[in-house]
Every structure is written in structure tokens, then in C-alpha cells.
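Have a look at the structure below before the remarks.
The values are calculated or read from the model by the stated rules, or taken from the named source; none is laboratory data. Note that this is a predicted model, so its numbers are computed, not measured. Using ideal geometry, Cβ is built from the backbone for each residue, glycine included, and neighbour counts are taken over all protein chains shown. We work out accessible area using only protein heavy atoms, side chains counted, and drop any ligands, DNA or RNA first. Shrake-Rupley method; radii C 1.70, N 1.55, O 1.52, S 1.80 Å.
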Amino acid sequence: MLPSTADGLIADDRRIMAEGRVRTKEQWLTTRDGARYSLMSTKGPVYGPEGEINGIFGISHNTTARKLAE
């Protein structure tokens, strides 16, 4: 993954933790070898026993084939 892509993903994760909201986003990612993938990702906060946000969860689905067919 390109450093600029990683920076963007980290910023998204921090925003989710700060806002405490689930977010769904579709985006293109480029790997270091130049391959491009379209991913639909949903991320949200994970709460601890006292209601504090301890981290995030995330699930992604590769949507490259669908996007290329559009």
C-alpha cells in the first residue's frame, strides 16, 4: 500500500474513534506494485465495559469487478 493511502486510512480510523460513529465508504486503493482495487469498507467503534471506545472494527468487500463493469 502506498504511504499516502495508509495515511488516509489512519485518518479515517481516527475520525471514527473521535466521532463514535459507524461509517461506510467505497474507495480505490493502489498497492505498491501498482495494482488498483475498489473496496467497500464499513468501520465503527468498539466499546469497552465502561462505554469507552477501545478501538475500531472493520470489514471490507472487494468491489473491483463491479466497478470495472459499470
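So which of Lys43, Lys67 ends up being basic (Lys, Arg) and part of a strand (DSSP E or B)?
None of the other options fit; the residue is Lys43.
Given the residues Asp7, Asp33, which is the only one that is open to solvent by 90 Å² or more (accessible area, probe 1.4 Å), charged (D, E, K, R), assigned to a helix (DSSP H, G or I) and out of contact with any strand residue (DSSP E or B) (no Cβ under 7 Å at 6 or more places or on another chain)?
Asp7
Being in a helix (DSSP H, G or I), touching a Lys or Arg at 6+ places or on another chain (Cβ under 7 Å) and in contact (Cβ under 8 Å) with a residue 24 or more places away in the chain is the requirement here; does Ile16 meet it?
Yes, satisfied.
Looking at segment 18-29 only, could you name the residues that are farther than 15 Å from Ser60 by Cα and either open to solvent by less than 80 Å² (accessible area, probe 1.4 Å) or charged (D, E, K, R) (or both)?
Glu19, Gly20, Arg21
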